[in-house]
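Trainee: Have a look at the structure that comes next, please.
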Amino acid sequence: MLSSTLWWQHGIIYQIYPRSFADSNGDGIGDLPGIIGRIDYVHSLGADAIWLSPIYPSPMADFGYDVADYTDVHALFGTLADFDRLVAAAHARGMKVMLDFVPNHSSDEHAWFAEARSARDNPRRDWYIWRDPAPDGGPPNNWLSYFGGSAWQYDATTGQYYLHLFVDKQPDLNWRNPAVQQAMLDAMRFWLDRGVDGFRVDVIWLMIKDAQFRDNPPNPAYQPGQAPVNALLPLYSSDQPEVHEIIAMMRQLLDQYHERVMVGEIYLPIERLVEYYGMSAPECHLPFNFQLITAPWSAEVIGALVNQYEAALPPGGWPNWVLGNHDQHRIASRVGPRQARVAALLLLTLRGTPTLYYGDEIGMHDVEIPPELVHDPQELGAPGYGMGRDPERTPMQWDAGPGAGFTSGVPWLPLAGDYAEHNVAAELDDPASMLALYRSLIALRRATPALTHGSYAPFAAYGDLLAYLREHAGRRMLVALNLGPQPQTLELGTLGQGRVLLSTALDRADERVSDTLALRPDEGLIVELG
């Protein structure tokens, strides 16, 4: 049934934030043995691959995205032997394992940077990006950090500034240096040789900067009250033409292994995003498509962006969709719990590879974090702009017991107040739960080629109604979504009759329809036509 597609095309990726998934030793922080202990749950959900946010040794200034060693595991999470056991456990169940790879910057505690900052003539000096002060002694240019303030940090030891597009403990690597390129490719090879099935590459579009370090221009659309980093357009600090050569090198390495996948984190408009599939040479298999995260929850807007994205894909480019991740507010908080069910149906029926964020399948929502418990450097560096990411990183809710089944200790972030009602154990016993919906949707998707790799055609996008067709080998599926709180009626016209396969309420299977399709408030339907 799926012989014409690769695993990452017909499969589903499940993102795990290791700190928050399962704690095996009671220290309040999730770990690799904890993930191994819950691997059967992920398998039973129907996921084909797990993607792990960073597990490398790190001072945790940005919770693992400040890497101190690219070829080891942080003791908080376990050991390399634990990682090998996780890979073996996943592979034994027919699942893949993907790692987060963080190439744009290291930790300032990485041995490379310790050498680089020791002297201007150190051999590793050029592994990072250093510039002399401006004539007034200030930063070399006006580039801003995504976490607040200047992107330049003065280093008194050598009298120069180093670049950090994130916190000052994350110095940016100089990817124009061939030695850096080789060292990072070697790190990727280390994990590929251990059986890793692919990488999600962090901020891949930022790896190369303007060679002249020109000032970024003002953003004419900037409004007071927005995050300070938005005051400038990152014209010279991101999305440089030369970055494509670097990504092509990474892809060339992955292609030396069997069916390994590279997913690139890229926050760019569609027309620039699709360039990361590769223009002159293959690049990302899946440049992450975040349109469903950033777009207004509107049938017309979503319908238009799906059409735009489908039209922009290059020949052979495989689409992908994401509803949430560790950097974005949870879908249940963005659109509400009823529409989160509709969103699940949308994600799992659009053409392309879906990525699920842990806990979305049980309806987890953002958790309010008191100021004294904030951990996220983005919130600490630019407080009050709603940029904090702790709310969507709270512990997985496994059961109603103390610690939500996540830990026997004190969890590193607060638990949701309603975790006793919304948890895996409770929802497994509820045939109408969000978890039951996800399991039913994934099972239907896996059993239906039209939904895994069939064609896509728009049908309707007006008011609160969004509908489209998926077709393969003569089987046609109509997906109809009501993105609002009022009942809707969809005229089927020449589509003819059909049979409901699934409702987001899980109560209309096998219902016959003809001429018109009635959708209740906040309901999505999959109808097999014919």
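Trainee: Regarding Ala332, is this residue open to solvent by 50 Å² or more (accessible area, probe 1.4 Å) and either under 16 Å from the mean Cα position of the chain (by Cα) or not charged (D, E, K, R) (or both)?
Mentor: No.
Trainee: Would you call Ala231 farther than 21 Å from Leu165 by Cβ and either surrounded by 15 or more Cβ atoms within 10 Å (Cβ to Cβ) or aromatic (Phe, Trp, Tyr) (or both)?
Mentor: In short, no.
Trainee: Residue under question is Ala404, and the condition is that it be in a helix (DSSP H, G or I), open to solvent by less than 30 Å² (accessible area, probe 1.4 Å) and modelled with pLDDT of 95 or more; does it hold?
Mentor: yes
Trainee: Take Pro282 and tell me if it is modelled with pLDDT under 95 and open to solvent by 50 Å² or more (accessible area, probe 1.4 Å).
Mentor: When the stated conditions are applied, Pro282 does not pass them.
Trainee: Separate question: Of all residues in region 263-279, how many are open to solvent by 10 Å² or more (accessible area, probe 1.4 Å) and either in contact with a strand residue (DSSP E or B) (Cβ under 9 Å, 6 or more places away or on another chain) or of a type in the set (Phe, Trp, Tyr) (or both)?
Mentor: 5
Trainee: So which residues in region 270-311 are in a helix (DSSP H, G or I), of a type in the set (A, V, I, L, M) and farther than 28 Å from Gln339 by Cα, if there are any at all?
Mentor: Val274
Trainee: Taking only pairs six or more apart or across chains, which ones have beta-carbon atoms under 7 Å, a first residue in region 408-419 that is under 18 Å from Ile29 (Cβ atoms), and a second residue that is open to solvent by 40 Å² or more (accessible area, probe 1.4 Å) and of a type in the set (Asp, Glu)?
Mentor: Pairs found: Gly409/Asp27.
Trainee: Among the residues of region 426-438, what is the count of those that are farther than 17 Å from Glu523 by Cα and open to solvent by 60 Å² or more (accessible area, probe 1.4 Å)?
Mentor: 3
Trainee: Do we have Val87 as touching a strand residue (DSSP E or B) at 6+ places or on another chain (Cβ under 7 Å) and either of a type outside the set (Gly, Ala, Ser) or over 17 Å from Thr158 (Cβ atoms) (or both) here?
Mentor: In short, yes.
Trainee: Just give me the residues in region 489-530 being more than 19 Å from Arg341 (Cα to Cα), small (Gly, Ala, Ser) and surrounded by fewer than 20 Cβ atoms within 10 Å (Cβ to Cβ), in sequence order.
Mentor: If the condition is that a residue be more than 19 Å from Arg341 (Cα to Cα), small (Gly, Ala, Ser) and surrounded by fewer than 20 Cβ atoms within 10 Å (Cβ to Cβ), then Gly493, Gly496, Ser514, Gly530 are the ones that fit.
Trainee: Oh, and also: If you go through region 287-307 one residue at a time, do you hit one that is farther than 30 Å from Ala151 by Cα, in contact with a His (Cβ under 6 Å, 6 or more places away or on another chain) and either open to solvent by less than 40 Å² (accessible area, probe 1.4 Å) or of a type in the set (Val, Ile, Thr) (or both)?
Mentor: no
Trainee: Then there's this: State all residues of region 125-135 that are open to solvent by 60 Å² or more (accessible area, probe 1.4 Å) and either part of a loop (DSSP other than H, G, I, E, B) or hydrophobic (A, V, I, L, M, F, W, C) (or both); if no residue qualifies, say none.
Mentor: Answer for region 125-135, where residues must be open to solvent by 60 Å² or more (accessible area, probe 1.4 Å) and either part of a loop (DSSP other than H, G, I, E, B) or hydrophobic (A, V, I, L, M, F, W, C) (or both): Asp132, Pro135.
Trainee: Which numbered condition trips up Gln252, out of (1) among the polar types (S, T, N, Q); (2) at pLDDT 95 or above; (3) under 17 Å from the mean Cα position of the chain (by Cα)?
Mentor: Of everything listed in (1) among the polar types (S, T, N, Q); (2) at pLDDT 95 or above; (3) under 17 Å from the mean Cα position of the chain (by Cα), Gln252 misses just condition (3).
Trainee: Among the residues of region 378-397, write down those that are open to solvent by 10 Å² or more (accessible area, probe 1.4 Å), of a type in the set (A, V, I, L, M, F, W, C) and either closer than 21 Å to Gly26 by Cβ or in a loop (DSSP other than H, G, I, E, B) (or both).
Mentor: Selection gives Met387 alone.
Trainee: Could you name every one of the strands (runs of 3 or more DSSP E) located completely within region 136-224 that has at least 1 residues being in contact with a strand residue (DSSP E or B) (Cβ under 8 Å, 6 or more places away or on another chain) and free of Cβ contacts under 8 Å to residues at least 12 places away in the same chain?
Mentor: Answer list for region 136-224: none.
Trainee: Here's another thing I want to ask about it. Of the residues that make up region 443-465, is at least one free of Cβ contacts under 8 Å to residues at least 12 places away in the same chain and on the phi < 0 side of the Ramachandran plot?
Mentor: yes
Trainee: In addition: Does Val479 qualify as being open to solvent by less than 60 Å² (accessible area, probe 1.4 Å), without any contact (Cβ under 8 Å) to a residue 40 or more places away in the chain and over 30 Å from Thr394 (Cβ atoms)?
Mentor: Here the answer is no, as Val479 does not meet what is asked.
Trainee: Within the bounds of region 426-445, is there any residue that is among the hydrophobic types (A, V, I, L, M, F, W, C) and part of a strand (DSSP E or B)?
Mentor: no
Trainee: Quick check on my filter: what residues within region 136-173 are over 27 Å from Pro218 (Cβ atoms) and either in contact with a Leu (Cβ under 9 Å, 6 or more places away or on another chain) or surrounded by fewer than 21 Cβ atoms within 10 Å (Cβ to Cβ) (or both)?
Mentor: Across region 136-173, the qualifying residues are Asp155, Ala156, Thr157, Thr158, Gly159, Lys169.
The values are calculated or read from the model by the stated rules, or taken from the named source; none is laboratory data. What you are looking at is a predicted structure, and each value in this text was computed from that prediction instead of being measured. When we count neighbours, we look across all protein chains shown, and the Cβ atoms used for this are built from the backbone with ideal geometry, even at glycine. Just the protein is used for accessible areas: all its heavy atoms, side chains included, with ligands, DNA and RNA removed. Shrake-Rupley method; radii C 1.70, N 1.55, O 1.52, S 1.80 Å.
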